[in-house]
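First the structure, in the form of structure tokens, and then the observations on it.
Nothing in this text is a laboratory measurement; each read-out follows from the coordinates by a stated rule. Please read these numbers as outputs of a predicted model, since none were measured by experiment. Reconstructed Cβ throughout: ideal geometry from the backbone, glycine too, with neighbour counts over all protein chains shown.
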Amino acid sequence: LVDTFLSPPLIPAYVVAAFIKRFARLAIQAPPHGALLAMTFVFNLVRRHPSCVILLEGKDASDPHPDPYDAAEQDPAKACALESSLWELETLKSHYHHEVQRFVLVFKRDFTKRNKFTEIDI
């Protein structure tokens, strides 16, 4: 259902970004099959909503400021997801399961050329 409800392109970017961050956090805590499913949602959402590609750019590792995303916030508008980055993907590169590590490489694609690749079936 989440995939269906977040597919229209008219959903505000801050709402989609909040869901992307939540799925990315879930991927860190989930077992391998759950992490792969959560990362599939992240991939599809970023592909559908080009305004969220900014999350993939990442922060400078030397930046002393913590992640501005507030996971406890119920209102996506106040969660500050668009001001954050998907640092969770960097963490998942060192996941203990090789399939999760390999799936993270999918995010290296150029998301500005959306017609070159399709969504991943869930």
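Key figures
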| read-out | value |
| --- | --- |
| Those helices (runs of 4 or more DSSP H) lying entirely in the stretch 1-111 with at least 3 residues under 10 Å from the mean Cα position of the chain (by Cα) and free of Cβ contacts under 8 Å to residues at least 24 places away in the same chain | none |
| Which listed residue, of 71, 77, 38, is in contact with a Phe, Trp or Tyr (Cβ under 8 Å, 6 or more places away or on another chain) and exposed (fewer than 14 other Cβ atoms within 10 Å of the Cβ) | 77 |
